[in-house]
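S.K.: Encoded as structure tokens, here's the structure I'll be asking about.
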Amino acid sequence: QVQLVESGGGLVQPGGSLRLSCAASATIFSINAMGWYRQAPGKQRELVAEISISGGRTNYADSVKGRFTISRDNAKNTVYLRMNNLKVEDTAVYYCNTVGGFAQWGQGTQVTVSS
């Protein structure tokens, strides 16, 4: 059973914007804080943004703070990541999961920032 499905990635120029979406199964989404992770080639997967169950609390990695915004729609079991002022170093495959990565990982969505 597919639990997490990410979408919205693509190729964008430096300074551009993208919005990622992640549809989650209700059993996962309703009881967990959620996070967006990314993995660049040759690097370990890292947590870049997280949001509490209610959506009232968020936290960001220093590398994306002020540029990325995480949000969630609990009625749609969906978590979003709005990415502004994208940089080349943001290039990675982006994944969503619970904070702690307890669900089965989805296939992710590729974000490529290049001129």
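The values are calculated or read from the model by the stated rules, or taken from the named source; none is laboratory data. Given the structure is predicted, the values throughout are model-derived calculations rather than measurements. A quick note on method: Cβ atoms are made from the backbone with ideal geometry, for glycine too, and the neighbour counts reach across all protein chains shown. For accessibility, only protein heavy atoms count, side chains too; no ligands or nucleic acids. Shrake-Rupley method; radii C 1.70, N 1.55, O 1.52, S 1.80 Å.
S.K.: Compute for the chain: radius of gyration divided by Kirkwood radius, i.e. Rg/Rh, restricted to C-alpha atoms, rounded to two decimals.
M.R.: Working: Rg = 13.1 Å, Rh = 13.9 Å.
Ratio of gyration radius to Kirkwood radius: 0.94.
S.K.: Just the number please: accessible area per residue for the chain, 1.4 Å probe, all protein chains included, in Å². Before the final figure, lay out each step's value.
M.R.: Working: 6040 Å² over 115 residues.
Accessible area per residue, the chain: 53 Å².
S.K.: Can you list the residues of the range 15-55 with backbone N under 17 Å from a point 7 Å past the Cα of Val99, pointing along Cα to Cβ?
M.R.: Output list for this probe position: 28-38, 46-55.
S.K.: Roughly how big is the chain's charge dipole about its Cα centre, with Cβ charges of +1 (Lys, Arg) and -1 (Asp, Glu), in debye to the nearest 20?
M.R.: Values: 11 positive and 7 negative charges, 29 e Å.
Charge dipole of the chain: 140 debye, to the nearest 20.
S.K.: Next question. Share of the chain's accessible area from carbon and sulfur, percent, 1.4 Å? Spell out each step's value before the answer.
M.R.: Numbers: 2870 of 6040 Å².
Carbon-and-sulfur percentage of accessible area, whole number: 47.
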